[in-house]
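Comments concern the structure below.
The values are calculated or read from the model by the stated rules, or taken from the named source; none is laboratory data. Since the model is a prediction, treat every value here as computed from it, not as a measurement. SASA here: full protein model, heavy atoms, side chains in, ligands and nucleic acids out. Shrake-Rupley method; radii C 1.70, N 1.55, O 1.52, S 1.80 Å.
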Amino acid sequence: MKKQLSLLLIGIISLVSATACTSGSAVQSEPVQVEIKTVQDPVYSGRATLIEAHVKQGSETVKDAQEVKFEIKKKDHANPESIVAAHWQDGVYRIKKLFPQDGTYEITAHVTARDSIVSPQKELVVGAATVQ
């Protein structure tokens, strides 16, 4: 009787452990998602602008990204500027950028988090420039 009870308890413990591991890895298997946003809208040249990367994995915010870096360049120009972002709050990583002149800029957020590397892009119109 004791042997059967011991085997039953071992089986239950194994089942509970397997279930816990499975549910934890389900979140890890979802891709990391990044959304680029500006705090100010519209954005004007000569004024400081906050640019954010909202980092999530499933419904969970990612507060522990290894690196979040923005690459910014004026459209049709060759030399991008690279700025490392700091974690601000709740999975939001932020930089402050002053755009020297009106125009269309290309912003790429390079995010390394939870065994993933993602690099979404966004175009940003500064000042009176028009999107072409």
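Of all the residues in region 95-123, those that are assigned to a strand (DSSP E or B) and either closer than 18 Å to Gln40 by Cα or modelled with pLDDT of 95 or more (or both) number 20.
Within region 88-108, the residues that satisfy the criterion of being of a type outside the set (A, V, I, L, M) and open to solvent by 80 Å² or more (accessible area, probe 1.4 Å) are Trp88, Gln89, Asp90, Lys96, Pro100, Gln101.
Do the conditions hold for Lys73, that is, is it under 27 Å from Gly127 (Cα atoms), modelled with pLDDT of 95 or more and more than 18 Å from the chain's Cα centre (by Cα)?
Working: under 27 Å from Gly127 (Cα atoms): yes; modelled with pLDDT of 95 or more: yes; more than 18 Å from the chain's Cα centre (by Cα): yes.
Answer is yes for this residue.
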